[in-house]
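So the structure is just underneath, and the comments pick up after that.
The values are calculated or read from the model by the stated rules, or taken from the named source; none is laboratory data. What you are looking at is a predicted structure, and each value in this text was computed from that prediction instead of being measured. As a convention, Cβ positions derive from the backbone with ideal geometry for all residues, glycine included, and neighbour counts pool all protein chains shown. The accessibility values were calculated without ligands, DNA or RNA, using every heavy atom of the protein model including side chains. Shrake-Rupley method; radii C 1.70, N 1.55, O 1.52, S 1.80 Å.
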Amino acid sequence: MAEMILENMLDGLPGIFYIMDRKGYFVKWNRKFELVSGYSAKELSELHALKLFQGSDRRSLAASVLEVFRKGSSHVEADLISKEGKRTPYYFSGEAVKTDSGIHLYGMGFDISDRKQVEDSLRESEERFRKLTEVATDAIISIDSQGRIQLFNLAAERIFGYTMQEIHFQTIDLLIPEKYGKIFMNGIKRYFDTGVSTILGRIFEFKGKRKNREVFPLEMSLSEAHAGSETIFIGIVRDITHRKRTEMQIQKFTTALRESNATKDKFFSIIAHDLKSPFNAILGLTNVLIEDYRSLDEKRIESLLNTIKSSSERAFDLLENLLVWANSQTGLIDYNPQPLNLKNLISESMELMEGPATNKGIRMDAEVTDKCQVLADKQMILTVLRNLISNAVKFTPFGGRIVITVKPDQDLCEISVRDSGIGIPTKDMEKLFRIDNKYSTRGTADEKGTGLGLILCKEFVEKNGGKIWVESEEGKGSTFYFTLPVE
């Protein structure tokens, strides 16, 4: 009766049950063992365990069985191979029990197909994720809540210069400059403290640091994930160095295009207005002379002729500047630097302006030594000096003074043209050398200008490796400075 109850209990177990002798043959089993294996009772009694159970290799499974007899118990995963050859993954536990007939292994096995399927799916998912991270062109980096790096794909290795072995479990500040690393980790801390994040779930630009310590621009999107009770952060990082360079080039092209359009507008403005005005005066006064010549007295004729002369001179000066400027814009002006004596150039430029200065009673002085040798293009520097001295004469009142000074230095020579004129408002000084800001005002004798001369000065000074600037105070005069490299 007791044996029947035991048989019913064993048959009611959810898994298989068996008793095995030390040689590996079955001496007793439950009904489920027969059903799962597909073998009859007679076949099972003659079947060796290693033919029914198949582990990763026969040796390891045999060693596990022997371990039961040596240590008393064991646990192992193996496939149960049915008579038809079907493999089913099982979890086996066994325990050695001493009986009257010797030591036997009492074992139980449970079907773990569902668990294995979940594990296989998880492994496949992990493998797919691993392959995706390997072929991704963007860096994929995961960190834990302490900022320690857990995942670092091939693209990350390429972008940052570290290998996964070098970087694993290092803190993220290794990849971020100190200033930005503090911002990043403060953002993570703020998220844990308040639940509010300024960096999660959006794309933002940041700075990265390569293994060679080069700092570069990057674009990052950061998301949160959970592994059990642990929070991890996954960042998708893109090196945008090339894009930033392209944006800078586009910005330069845009600026150049804007300047080109301003140049074109300036050109047409001069032609349409500034160049037209003196010729209108010349033509009008010439007509007066032709029509009323016999009725005009000598004083009036002389006055008209002087006006025609000054208008012609202004038109000529304007045309000369316009042609030089136009040639500079189209690259037709040759740049021929050579050793130059500034004293000679300044004397030549002052002689050209002696007439207009004398007419206004302006005294011109030069404080220059014979040792002022520079390396520059002669025609360009003459144009600069002519324009600066001409402007000084134009904006200096009758009886004023102009001083041209040269201060040699070790590498550069500083030239200045100082006048005792009307000065320039502070708000207008930044407009003087910009083509996109039309700035022109009349001189003390109502002389007209176009603002083109100073644009030429800036271009020619910079072409010769120098710089130009102005200091001025309204009512007290202006001083224009420029530098040239010493020979």
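The figures follow:
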| item | result |
| --- | --- |
| Residue check for residue 373: touching an Asp or Glu at 6+ places or on another chain (Cβ under 6 Å) and surrounded by 13 or more Cβ atoms within 10 Å (Cβ to Cβ) | yes |
| Verdict on residue 221 being farther than 17 Å from residue 241 by Cα and among the hydroxyl-bearing types (Ser, Thr, Tyr) | no |
| Yes/no for residue 399 being touching a helix residue (DSSP H, G or I) at 6+ places or on another chain (Cβ under 8 Å) and either modelled with pLDDT under 90 or not in a strand (DSSP E or B) (or both) | no |
| Contacts under 6 angstrom Cβ, first residue in region 133-153 being in contact (Cβ under 8 Å) with a residue 60 or more places away in the chain, partner aromatic (Phe, Trp, Tyr) and outside any loop (DSSP other than H, G, I, E, B), 6 or more apart | 141/152; 143/233 |
| Number of the condition not met by residue 144 [criteria: (1) in contact with a helix residue (DSSP H, G or I) (Cβ under 8 Å, 6 or more places away or on another chain); (2) open to solvent by less than 60 Å² (accessible area, probe 1.4 Å); (3) acidic (Asp, Glu)] | (1) |
| Residues that are open to solvent by 30 Å² or more (accessible area, probe 1.4 Å) and either free of Cβ contacts under 8 Å to residues at least 40 places away in the same chain or small (Gly, Ala, Ser) (or both), drawn from region 210-221 | 213, 214, 215, 219, 221 |
| Selection count, region 160-183, where residues are of a type in the set (Phe, Trp, Tyr) and without any contact (Cβ under 8 Å) to a residue 24 or more places away in the chain | 1 |
| Residue 169 being hydrophobic (A, V, I, L, M, F, W, C) and modelled with pLDDT under 80 | no |
| Every residue from region 448-471 that is open to solvent by less than 30 Å² (accessible area, probe 1.4 Å), under 18 Å from residue 424 (Cβ atoms) and not in a helix (DSSP H, G or I) | 449, 450, 451, 468, 470 |
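One line per residue, one yes/no per condition, for (1) open to solvent by 90 Å² or more (accessible area, probe 1.4 Å); (2) touching a Gly at 6+ places or on another chain (Cβ under 9 Å); (3) of a type in the set (Gly, Ala, Ser); (4) closer than 30 Å to residue 434 by Cβ:
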residue: 162; (1), (2), (3), (4): no, no, no, no
residue: 169; (1), (2), (3), (4): yes, no, no, no
residue: 175; (1), (2), (3), (4): no, yes, no, no
residue: 189; (1), (2), (3), (4): yes, no, no, no
residue: 204; (1), (2), (3), (4): no, no, no, no
residue: 223; (1), (2), (3), (4): no, yes, yes, no
residue: 232; (1), (2), (3), (4): no, no, no, no
residue: 236; (1), (2), (3), (4): no, no, no, no
